[in-house]
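Asker: I have a structure I would like to understand better, so I am pasting it below and will then ask my questions one at a time.
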Amino acid sequence: MFGTFIMNEATKSSYMLMEDDEVAYDMSTLEDDEESTEETDSPKIEKLEGTEKILGYTCHQYKMTITEDSSTTIMYYWVTEELVPKSSKKIGTTNALYVDGIDGFPLKIVTEFDGIVMTQIATEISKEKLDSELFEVPSGYEIKDFSESPIADFGE
């Protein structure tokens, strides 16, 4: 639905690729966006009871509630502390893998907003070393600012 995401710790860059259009949307500009004019409360984060096994990893569940103006988004995270990426939190503000107040790496995220429920779940984990080219924008792709992406205003 949102394409492929590349997050490169070495270059501190992040892109959303749209393969059909051969376009890479640069998400690094999102960190420097001016403060929103919308009224936004800080997200409310709760650690819920119980655990769930996902791909053999013990995951704790968190609930995050975000209220913007009259709209509320609820996100449930199932995270494991057994997988800790070496990456920085400063690779793009749309990076849902890093949320202050939620400890661990998410293997499942369920988002509820405006009557829509979206579920993302890890289906495979591999610890093999990957080719560095996988973390670069493919040659021939046009690079555009994320504000031009089809999801720049998603959820507004």
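Asker: For segment 55-73, check the following and say yes or no: at least one residue is of a type outside the set (A, V, I, L, M, F, W, C), at pLDDT below 95 and within 24 Å of Ala10 (Cα to Cα).
Answerer: No, because not a single residue in segment 55-73 is of a type outside the set (A, V, I, L, M, F, W, C), at pLDDT below 95 and within 24 Å of Ala10 (Cα to Cα).
Asker: Select from segment 19-54 the residues that are among the hydrophobic types (A, V, I, L, M, F, W, C) and at pLDDT 90 or above and write down the one among them that is surrounded by the most Cβ atoms within 10 Å (Cβ to Cβ). Break it down stepwise before answering.
Answerer: Start the filter on segment 19-54 by keeping residues that are among the hydrophobic types (A, V, I, L, M, F, W, C), which leaves 23-24, 27, 30, 45, 48, 54.
So of that shortlist, the ones also at pLDDT 90 or above come out as 23-24, 45, 48, 54.
Details: Val23: 19, Ala24: 24, Ile45: 16, Leu48: 12, Ile54: 18.
Restricting to residues being among the hydrophobic types (A, V, I, L, M, F, W, C) and at pLDDT 90 or above, the top hit is Ala24.
Asker: Step by step: first the residues of segment 128-156, then only those that are at pLDDT below 85 and charged (D, E, K, R), then the one that is farthest from the chain's Cα centre (by Cα). Which residue is that?
Answerer: Step by step, filter segment 128-156, then rank; the result is Glu156.
Asker: Here are Gly92, Gly101: which of them is at pLDDT below 75 and touching a strand residue (DSSP E or B) at 6+ places or on another chain (Cβ under 9 Å)? Before you say what the answer is, go through the steps one by one.
Answerer: Numbers: Gly101 fails: at pLDDT below 75.
Exactly one of Gly92, Gly101 is at pLDDT below 75 and touching a strand residue (DSSP E or B) at 6+ places or on another chain (Cβ under 9 Å), namely Gly92.
Asker: Next up: Looking only at residues that are of a type in the set (S, T, N, Q) and part of a loop (DSSP other than H, G, I, E, B) in segment 103-156, which one is surrounded by the most Cβ atoms within 10 Å (Cβ to Cβ)?
Answerer: Filtering segment 103-156 down to residues of a type in the set (S, T, N, Q) leaves 111, 119-120, 123, 126, 132, 139, 147, 149.
Filter again for part of a loop (DSSP other than H, G, I, E, B), leaving 123, 126, 139, 149.
Numbers: Thr123: 7, Ser126: 6, Ser139: 7, Ser149: 20.
Within segment 103-156, the match that is surrounded by the most Cβ atoms within 10 Å (Cβ to Cβ) is Ser149.
The values are calculated or read from the model by the stated rules, or taken from the named source; none is laboratory data. What you are looking at is a predicted structure, and each value in this text was computed from that prediction instead of being measured. No Cβ is skipped: glycine too gets one built from the backbone with ideal geometry, and neighbour counts run over all protein chains shown.
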